[in-house]
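Quick notes on the structure that follows.
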Amino acid sequence: MADSDSRDEVVGYLVATARAHHAATGGVNPRWARWYAERLVDDLNTALGAEMNADQLEEWLKKADERYRDQPQELSWPKAYAAWLRADFQ
């Protein structure tokens with residue numbers, strides 16, 4: 001799979017999960033990272049060729065959220081997260 005295809009696939013998983021999360025919770029959920037991790041871990045492992053578990057992904061998501069909020073970003077959060085996931089887990 002080409003790098004851009006892999007990136008687009010990961011972005012797609014993140015966007016679809018965000019939509020599902022918003023529909024299920026109205027977007028307010030203090031345990032959002034766990035919710036995302038449980039739904040994303042299998043797809044991301046397949047897309048990235050990774051072997052992370054939901055606990056690892058949950059912690060990674062929390063740190064990525066802090067990173068995204070602390071630094072000005074040129075990319076949308078799904079694109080930034082996809083790039084960081086690929087760098088950290090591929």
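Cβ-Cβ contacts under 7 Å between residues 6 or more apart (or on different chains), taken from a first residue in the stretch 29-53 that is open to solvent by 10 Å² or more (accessible area, probe 1.4 Å) to a second residue that is acidic (Asp, Glu), are listed as Arg34/Glu58; Asn45/Glu51; Ala47/Glu9. Being under 10 Å from the mean Cα position of the chain (by Cα) and in a helix (DSSP H, G or I): is that true of Tyr68 here? Criteria not met by Tyr68. All of Asn45, Asn53 fail the test of being at pLDDT 95 or above and over 12 Å from the mean Cα position of the chain (by Cα), apart from Asn53.
The values are calculated or read from the model by the stated rules, or taken from the named source; none is laboratory data. Predicted model, so just to flag it, every value in this text is computed and none were measured. Note that we place each Cβ from the backbone using ideal geometry, even for glycine, and neighbour counts take in every protein chain shown. Protein only, heavy atoms only, side chains kept; ligands, DNA and RNA dropped before computing areas. Shrake-Rupley method; radii C 1.70, N 1.55, O 1.52, S 1.80 Å.
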